[in-house]
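The values are calculated or read from the model by the stated rules, or taken from the named source; none is laboratory data. Only a predicted model underlies this, so the values are computations on that prediction, with no experimental measurement involved. With ideal geometry, Cβ positions are generated from the backbone for all residues, glycine too; neighbour counts draw on all protein chains shown.
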Amino acid sequence: MLDATCAPADIKYPTDLGLLNHARKITEDIIDTLHEPHIGLKKKPRTYRNQARKAYLSVIKQRKTSGKAQRKAIRKQLSYVRRNLKTIEKQVVDTPLTMLSHRQYRRLLVVNELYRQQWEMFQQKQHRIDDRIVNIDQPHVRPIVRGKAGAQVEFGAKIAASLIDGYVHIENMQWDNFNEAKTLQASVESYKQRFGYYPKAVLADKLYRNRENLKYCRERGIRLSGPKLGRPPKGGREADKKQERQDTADRNQIEGKFGEGKRKFGLDRIRARLANTGETVIAVQFIVMNLERRLRFLFSF
């Protein structure tokens, strides 16, 4: 059984205005740090932080905000961030960036890229861009469009997994969005490496049933669940419909496994901050799920 899910990261829901406000405060903190060696010797650069905060609060405190007001607020925050970045460039002439902590320096790099993305989207009047940053402290997190009823978009790692005899195997895990249909052939080959033979059937949703996957399964004698491509025969075949209903019922197991991981094992909120530690936490959660499945199987006797 094959399916994909998202393991959301523990981040605040991102908005363009909120991200720019956060970036502005980070640049103000960096300006303060770079000015510390020159206190009493040089005049501190202006940041207009009070005006910028008032402009931000005047918008987010409104119950409903028009698109025109949102765009105006974003333009203001963009100008404040741009001004602060230029100020930092001037300060570097007298104060090296080694005065910054590792976290501040890393944030400065992320803010520069965030400003570039936001300015490009503002100019083009769109809300989509490649490798979009949705969190400054976790720039590796990407929006994953799922189209679910409760969450149209999730922010975290996308996981393509397989379920075999109640045990879950991670077939692919990326922070960038990917088409899970392209993982079917690699998943089947990994199945053969584990057990020495191809599976009799692969149960997956209609997204996996493209021409390449159907041809791949047909050449190896594997039954791929779901109806055949093309116009259905007149009257239909009762046996095929019965098989489709049975496959759909059986495939609910992997959906339930994802639900178990999110409700019981914390897969719905990954609190690790780094990309590699986040992947490790996700993998450990799947290991624990498999261990619990093994224990239930042993104690059932």
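With the checklist (1) part of a strand (DSSP E or B); (2) touching a residue at least 60 places away in the same chain (Cβ under 8 Å) in hand, flag the one item Asn172 doesn't pass. In the conditions (1) part of a strand (DSSP E or B); (2) touching a residue at least 60 places away in the same chain (Cβ under 8 Å), Asn172 misses (2) alone.
In region 113-130 there is no residue matching the filter, namely being in the same structural domain as Leu41 (by TED's automatic domain parsing), among the β-branched types (Val, Ile, Thr) and either under 24 Å from the mean Cα position of the chain (by Cα) or not in a helix (DSSP H, G or I) (or both). Screening Asp29 on (1) buried (at least 21 other Cβ atoms within 10 Å of the Cβ); (2) within 21 Å of Arg116 (Cα to Cα) shows it passes everything except condition (1). Any residue that is closer than 30 Å to Phe297 by Cβ, touching a strand residue (DSSP E or B) at 6+ places or on another chain (Cβ under 9 Å) and at pLDDT below 90 - is there at least one of those in region 220-234? Checked against the condition, which is being closer than 30 Å to Phe297 by Cβ, touching a strand residue (DSSP E or B) at 6+ places or on another chain (Cβ under 9 Å) and at pLDDT below 90, region 220-234 yields at least one hit. For region 60-81, the set of residues classified as over 27 Å from the mean Cα position of the chain (by Cα) and either of a type in the set (Lys, Arg) or surrounded by 19 or more Cβ atoms within 10 Å (Cβ to Cβ) (or both) consists of Lys61, Arg63, Lys64, Lys68, Lys72, Lys76, Tyr80, listed by residue number.
Within region 83-101, restricting attention to residues that are of a type outside the set (Ser, Thr, Tyr) and assigned to a loop (DSSP other than H, G, I, E, B), the residue that is farthest from Leu34 (Cα to Cα) is Val93. Kindly establish whether Lys182 is surrounded by fewer than 14 Cβ atoms within 10 Å (Cβ to Cβ), without any contact (Cβ under 8 Å) to a residue 60 or more places away in the chain and either assigned by TED's automatic domain parsing to the domain that holds Asn252 or in a strand (DSSP E or B) (or both). Judged against the criteria, Lys182 is not a match.
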